[in-house]
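Here is the structure we will look at, set down as structure tokens.
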Amino acid sequence: MKIGILTLPLHTNYGGIIQVYALQEFLRRRGHDVWIINRDHWIREQNLPSTDSEESSNGRRYASVIESSASAEDKWINTKLFIDQHIGQHISSSNMAELHQNDLEAIVVGSDQIWRPEYVRHALRTSMANVFLHFAEDWTVRRLAYAASFGTDRWELCREETEVCSRLAKRFDAVSVREASAVFFCREYLGVNAEQVLDPTMLLDCSDYEELLDDFGKEEANSSVFSYMLDVTDDKMDAVGRISNFIDFGVVDTGRAGDEGGSYSEVEISSVESWLRSFRDARYVVTDSFHGCVFSILFGKEFFIYGNSERGIERFRSLLEILGLRSRMILSADEITEERLEEKIDWSHVSRRLEKEKFRSINFLETSLSE
């Protein structure tokens, strides 16, 4: 089938890029012709207008990276190399109305926080209706959501949006979501049944990501704590320091973190491969990133997740609960104790749970596309 993937724009978001790569790669390996529906205005707009009601830390973050075309190009050149090399097929459209029914046989909405209103408004600059395929409402195509996420444990759609999105959701052939709370949201607010599945990144094996690093050298695991923070605070850095001191490892930081007073122009955006390699080569990981959590697990690293409430804490809880890893999340540096640091992850137990969930997730995708 010719399948389109509708997701958030590809830019300097490592997790957003690699989840698209994983879903695309999974579908391609099963013989499908996969295209990314690319809202290409993302890097061309001079500014993103915002209102008091829409502005937030995340909204300002989006606005900070969309400046002039030249500036944006400078900032995302390293991640763009990965996108050009590994995510090659795009249906480029700055207006979803430009897409036509005969362009695709199926559309997959997902993954990541594609159903989070704030992100849809600021990143896609479109309505919630369009991420529920309003633009394709009359098309004869298979439509499904894979691991779509609302991002939070609160329902954020207004009454009018809820009514429209409920009508559109009922046109889907199958709906799956990433968090347990989203299963409830779909049933309670949209009137549809949804299945909880794994993020697309977990459909691939660790060896699949190792292959991406073949051209980047083989480095032995070093004695370091890898700190990957999206929103830096003093307490998060205190947590990193406590772990580093206890296990006597130095700290490696990506330099990618967008701290509250900084901007993307002040840091170097590393390549996707370098980001992946940082997880592979670390001895210990501390992160407030959902996909940082994912790759700590896939590469089998001891880790702690600092719950990031600004970006949605339910994502962490849901995944860690499934894999029996709830004890790996903290909300304060004070929760880092010697007893918790001495507790090692039972990777055989985690692997069994992960394989079970992976089988269910793959079955959902294959069944939904073939029925």
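The values are calculated or read from the model by the stated rules, or taken from the named source; none is laboratory data. Just so it is clear, the structure is predicted and the values come from calculations on it, not from any experiment. Don't worry about glycine lacking a Cβ; one is built from the backbone with ideal geometry, like all the others, and counts go over all protein chains shown. Ligands, DNA and RNA are excluded from the accessible area calculation, which covers all protein heavy atoms including side chains. Shrake-Rupley method; radii C 1.70, N 1.55, O 1.52, S 1.80 Å.
Candidates Val350, Leu331, Ser361 compared by Cα position along the dipole of region 323-367: farthest toward the positive end lies Ser361, with charges placed on Cβ. The figure for Trp35 is an accessible area of roughly 60 square angstrom, using a 1.4 Å probe on the protein chains alone.
Could you tally the net charge around Arg143, taking each other residue with its Cβ under 10 Å from the Cβ of Arg143, Lys/Arg +1 and Asp/Glu -1?
Details: positive: Arg142, Arg171; negative: Glu137, Asp173.
Net of charged neighbours comes to 0.
The Glu25 and Glu339 beta-carbon pair, evaluated with R₀ = 45 Å, returns a calculated FRET efficiency of approximately 0.65.
Computed with a 1.4 Å probe over protein heavy atoms only, the accessible area of Cys206 comes to about 40 Å². Think of each Lys and Arg Cβ as +1 and each Asp and Glu Cβ as -1; about the Cα centre, that makes the dipole of region 262-371 roughly 400 debye.
What's the magnitude of the charge dipole for region 142-252 around its Cα centre, counting Lys and Arg as +1 and Asp and Glu as -1 at the beta-carbon? Answer in Debye, nearest 20. Walk me through the intermediate numbers first.
Details: 12 positive and 23 negative charges, 178 e Å.
Charge dipole of region 142-252: 860 debye, to the nearest 20.
Restricting region 147-182 to GluC sites (Glu not before Pro) that sit in a DSSP loop and have at most 15 other Cβ atoms within 10 Å of their own Cβ leaves Glu156.
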